[in-house]
């Protein structure tokens, strides 16, 4: 039985580890400025936890085989523990875990402790059951007033957001169903939600943030490659949660300017 | 509630007093256990429906028909709620704790037997109310076991969010009260009713785990109750604790000024200690069983106690790690992440000590030991995905993906369950006077170990690939399509694993009636429950009071006549 | 095989807190020498009941801690107002029926005094019970003042007073859902009233147990525990009132 246990535990360990190392299923390709640091921190954590995982499982399997009871086995060791060992491994574990956390904290700080830079592309992202809307401030650079009582989701676009036609600032706001941004420039997203909590998740950008009703949350990320990247809703929001997806199109600055200009022209 | 002193009432007569409204902690323990047993099969059935729907979304099932997205989400909600509350918070503590805490400390019953009886029946009422949610108009709620507002607070947020959601909250509120009654009993009993010589540091680690779990429950369930009351008020009488100004389907909700994050803070202040409530008794049982079947004292008893105490204490300081993406201040997030990494340390200590117990042991592989060994393996696997989620930066790609249920299922959904299995196989002889079948137990063990790893280890891969949680279908996002193969594998593994539990069920009931008769101490264990008759008499020790002279894990004591010294034997020369 | 050590031949099993060392066998009363009115473990039962109460008060405290933190958070909560694109605070404290609350406070504090007298009265009765049968011994000139009944009446007066306070708020247009401030006033005072009602029911049960000829010791334990619970409720009320009046 000891041998069987060893084999089963070791096999499970090797199989699991294989798929992790082979990256059979892995993060999608990252296309943002934060990708390198984040993926690196992940790799460090991954290797350390992986080593501990393999060591612990192998030791467990080995011990249950090596110290199985059989007739010629020595009597079990009457030991209540070893204080020195306890202190050593407690200290090492504490240093490892806390150290790992401190190592990764600059990434968090860079993402979240500072506001977006001036000149970032500003997009207001509004979530509602079950769609994403994106609003650009238009030539006046200001987001106009949106009133909850004016919302009409069935009409789409400006009406879904409840833009107030009486407000001059909202007349030039561009509302789209696809989020288009220029590559290489920081994007400031202002996350809002109308009804319940949603979450704006773009795996390729290593970006996620909940959109909470009653709050306007300012976040930023910087896309570094062009392409189309799927947006998933990452907070249970109702029966349509699974199909509340959007698309982030990262294009060149020129293309973005042309596209935005065309959209703004439509508003005249 | 003090009117009845346990050892003053003689054994009850009559079916109702003996088996229905019994005041005997042993009967009450069995009542909790069997309630949890029905709940776990309900919960497993719900999860099978979920897994089947994920890979065959358009399938039409017999009797149930097609599973709509809202139905899927109500399966998710009820699976989580039933498993967390009515299985993991019920079987280890209410079941085994009730049965064995008094016996292991040498007491004739719990401190307040009437309260004990009431706490079980209150739990039962909560269970019935929860199940009723399936059958009302609109069906069961779809807001997940975490019940985030505003989704849970708005009646119009989806099907099931009407009466079903109200029943869910009411059931949980009733459960809170039942748990608090139970916690009261456990704490008072442990502090006031230990036999002579049973100092706190001579208690078996199972007793420590039940004691600390009860303290966690005492402090946490009041907060959940408060959150539930506020949520009921928001839903039904128009207050705005959790509801901001907003619209749903274009209609103003009529609320304003409230904070969805307030719900999350209150819920998780309860919710994080709750997961330690779910795992600590399993740790206690693992220590107990590992020591018994290694014929060795537990490695580092004092460290084990302090580790459990630290886990309990730190468990109240980490709740924000569920909220890194919530819109909470990033500085607060950083503080919570440090505390969360810190709580990994006592867990690691316990793991090292379990390995230390196995080192230079003489291991016997009867069924309880298999599950205790499995517990250690699963705890390592599930625990090590924690440090990923504990770092807020890494939580960004991983939060609300399948990585998270991979993590908590390995720990709660498997390791804690293995703790329950280990306890069942270990204490079955004492409770029922018969042995369970070892062959069936081994088949059950290996199928379950391999099966659960096959279901939940791949969830981590899915999470890395970005598969979000709580999606009723994986058909809409292009990047999820390549993951269908792995999901299919997991579903088949889940079906096999659930089927394997029928072997356990059969073994359990068959052995109760037809198993070979058990001696008083078939495992040659040292703790007090093994000194008394099998099954124990009404007052646990047959009119005698045990006196404790030894520590709980005196195995292989040099110079002793046998390789175990029971706690009530004359004192060993090398006192613990 | 199970093995037994020679155990203490106690007439009933006694339990202790598991002290170390070799204590002399304990037979009969295990309550540190206090007089033993009939049941040898009466003192132990009382201590256990008090311990149970101390434990039970913890989650009640946590409930109000949670309500308090929700209160504080809600007061300071900024919320996004889309019609002005700004962040606003919308907390407007409601004017409280302070005089009425103060009168109620006095009633509650008075009831704390009466229940304390009731508690001590019953303790004395229980202590003297064994010697009551000796001819010539009596409780002296002490009349059986109905402290318990008075407490129940005062408790009910408090609840009636709270009802008047809520009516006052309602008359001025402040209902539970009118605004966040009024929500919390009703929530905190209502939750307290529910718990106090529980205490009143316990006292009624103690009163009924007289009619049912329950043992005096059991009744004493019920009243003792309820009295401590009652004092906690009084302190809790003062805390709630202070929170509502000063943390606006």
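Readers should treat all values here as calculations from the given coordinates under stated rules, not as data from a laboratory. Note that the coordinates shown come from a computational prediction; the quantities given were computed from them, not determined experimentally. Positions of Cβ are backbone-derived with ideal geometry, glycine not excepted, and every protein chain shown enters the neighbour counts.
Taking only Cα atoms, what is the 0 to 90° angle, nearest 10, from helix B:301-314's long axis to the longest principal axis of chain B?
20
Over chain B, what lengths in whole Å, largest first, do the semi-axes of the equivalent ellipsoid take, defined as the square roots of 5 times the eigenvalues of the alpha-carbon gyration tensor?
One finds semi-axes of 40, 26, 24 Å for chain B.
Do you know the relative contact order of chain B, to the nearest whole percent, from alpha carbon pairs under 8 angstrom that are 6+ apart?
Once normalised by length, the contact order is 15 percent.
Hey, rough spin-label estimate for residue B:199 and residue A:87, points 7 angstrom out along Cα→Cβ, what's it come to in nanometres?
According to this spin-label approximation, the distance is 2.2 nm.
Report the FRET efficiency, 1/(1 + (r/R0)^6), for residue A:226 and residue A:268, where r is their Cβ-Cβ distance and R0 is 51 Å, rounded to 0.05.
0.95
What is the list of residues in the stretch A:228-266 whose amide nitrogen lies under 17 Å from a point 7 angstrom out from the Cα of residue A:29, following Cα to Cβ?
The answer is A:228-231, A:248-252, whose backbone nitrogens lie closer than 17 Å to the label point.
Just to confirm my numbers, what's the Cα centroid distance between the stretch A:209-232 and the stretch B:97-150 in Å?
Using only Cα atoms, the two centres lie 41 Å from each other.
Report, in degrees rounded to the nearest 10, the 0 to 90 angle that the Cα long axis of helix B:260-294 makes with the longest principal axis of chain B.
30
With label points built 7 Å along Cα→Cβ from the Cα atoms of residue C:65 and residue A:102, find their separation and express it in nm.
3.0
Cα-based Rg of the stretch B:359-408 per 2.2 N^0.38 Å, rounded to two decimals?
1.61
So what are the radius of gyration and Dmax for the Cα set of the stretch A:121-266, in Å?
Gyration radius and largest Cα-Cα distance of the stretch A:121-266: 14.4, 39 Å.
Stretch residue C:88-residue C:128 to full length: gain in nm at 0.36 nm per residue minus the Cα-Cα span?
Additional length available on full extension: 7.8 nm.
Determine, from the Cβ-Cβ distance of residue A:218 and residue C:160 and an R0 of 45 Å, the FRET efficiency 1/(1 + (r/R0)^6), rounded to the nearest 0.05.
0.30
Picking from A:126, A:90, A:17, which is most flexible by a Gaussian network model of chain A using Cα springs under 10 Å?
Taking springs between Cα atoms under 10 Å, the residue moving most is A:90.
Measure off 7 Å from each Cα along the Cα-to-Cβ vector at residue A:69 and residue C:235, then give the distance between these two points in nanometres to one decimal.
With each label placed 7 Å out from Cα toward Cβ, I get 5.3 nm.
Can you pull the Rg over Rh of the stretch B:320-383, Cα-only, Kirkwood?
A ratio of 1.21.
For the stretch A:88-155, what is one quarter of the convex hull surface built on the Cα atoms, given in nm²?
Projected over every direction and averaged, the Cα hull of the stretch A:88-155 covers 8.6 nm².
Hey, quick one: spin label on residue B:124, modelled 7 Å out along Cα-Cβ, who in the stretch B:494-530 has an amide N within reach, i.e. under 16 Å?
Nothing falls inside the zone, counting backbone N under 16 Å.
Which value in deg cm²/dmol, rounded to the nearest 500, describes the helix-derived mean residue ellipticity at 222 nm for the protein assembly as shown, given -39,500 (n - 2.57) per DSSP H run of n ≥ 4 and division by the residue count?
That calculation yields -18500 deg cm²/dmol at 222 nm.
If you build the convex hull over the alpha carbons only and average its shadow over all orientations, what do you get for the protein assembly as shown? Give it in nm² to one decimal.
Average projection, Cα convex hull of the protein assembly as shown: 45.4 nm².
Suppose R0 equals 25 Å; then what is the FRET efficiency for residue B:20 and residue B:517 from their Cβ-Cβ distance, rounded to the nearest 0.05?
According to the calculation, E is roughly 0.35.
Most exposed first by the Cβ proxy, i.e. fewest other Cβ within 10 Å, how do C:65, A:64 rank?
Ascending Cβ contact count within 10 Å gives the list C:65, A:64.
Taking chain A as a Gaussian network, Cα atoms linked when under 10 Å apart, which of A:29, A:245, A:80 shows the biggest mean-square fluctuation?
Of the options given, A:80 has the highest mean-square fluctuation.
Can you put B:430, B:302 in order, fewest other beta carbons within 10 Å first?
Placing the least packed residue first, the sequence is B:302, B:430.
So how do B:283, A:1 line up by other beta-carbon neighbours within 10 Å, fewest first?
Ascending number of Cβ neighbours within 10 Å: A:1, B:283.
Report the full-extension gain for the segment residue A:79 to residue A:54: residue separation times 0.36 nm, less the Cα-Cα distance, to one decimal in nm.
6.4 nm
Rounded, prolate or oblate, given the Cα gyration tensor of chain A, with a/c below 1.5 counting as rounded?
The shape class here is prolate.
For residue A:18, put the label point 7 Å out on the Cα→Cβ axis and report which residues of the stretch B:394-423 keep their amide N under 13 Å from it.
No residue qualifies, since no backbone N sits under 13 Å from the label point.
For the stretch B:11-122, what does the relative contact order come out to in percent, with C-alpha contacts under 8 Å and a separation of six or more?
43
If one computes the Cα centroid of the stretch B:293-323 and of the stretch A:2-71, what distance in Å separates the two points?
That distance is 23 Å.
Got the relative contact order for the stretch A:121-266 handy, in percent, Cα pairs under 8 Å and 6 or more residues apart?
For the stretch A:121-266, the relative contact order is 25 percent.
Can you give the angle from 0 to 90° between the axis of helix A:35-66 and the longest principal axis of chain A, with both taken from C-alpha atoms, to the nearest 10?
On a 0 to 90 degree scale, this one is about 20.
Across all directions of projection, what mean area in square nanometres is found for the Cα convex hull of the stretch B:240-358?
Its Cα hull, projected and averaged over all orientations, spans 9.3 nm².
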